[in-house]
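Colleague: Below: one structure in structure tokens.
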Amino acid sequence: MMKISEMSNEHLMRTLLCEKREIKTHQSTIKQIEDELNKRFDNGTLVEGKEEENE
């Protein structure tokens, strides 16, 4: 992998945009997971999700 200091300006800008997009995606995924976990807590105890209860 190329070092940041070796990248052209264009490459730096593209890399920055890609990294920011990836971070945004990860933040969204983390938020969705946290929201789902919060829904599953019942009086401080983590309960199984609806799909697993039907098994």
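The values are calculated or read from the model by the stated rules, or taken from the named source; none is laboratory data. Since the structure is predicted, the reported quantities are computational estimates derived from the model, not experimental observations. Cβ: placed from backbone, ideal geometry, glycine included. Neighbour counts: every protein chain shown. These accessible areas exclude ligands, DNA and RNA; they are computed on the full protein's heavy atoms, side chains included. Shrake-Rupley method; radii C 1.70, N 1.55, O 1.52, S 1.80 Å.
Colleague: Relative to the longest principal axis of the C-alpha atoms of the chain, give the angle of the C-alpha long axis of helix 9-40, reported between 0 and 90° and rounded to the nearest 10°.
Modeller: Rounded to the nearest ten degrees, it is 10.
Colleague: Which value in nm describes the separation of the simple spin-label points at GLU48 and LEU16, placed 7 Å from the Cα toward the beta carbon?
Modeller: Label at GLU48, label at LEU16, 5.0 nm between them.
Colleague: Another question about this same structure. Using the heavy atoms of the protein chains alone and a 1.4 angstrom probe, what is the accessible area of the chain per residue in square angstrom?
Modeller: 101 Å²
Colleague: If we restrict to alpha carbons, what Rg and Dmax does the chain come to, in Å?
Modeller: Answer for the chain, Rg first and Dmax second: 19.6, 55 Å.
Colleague: Please calculate the 1.4 Å probe accessible area of ILE30, with all protein chains present, and give it to the nearest 10 Å².
Modeller: Estimated to the nearest 10 Å², ILE30 gives 90 Å².
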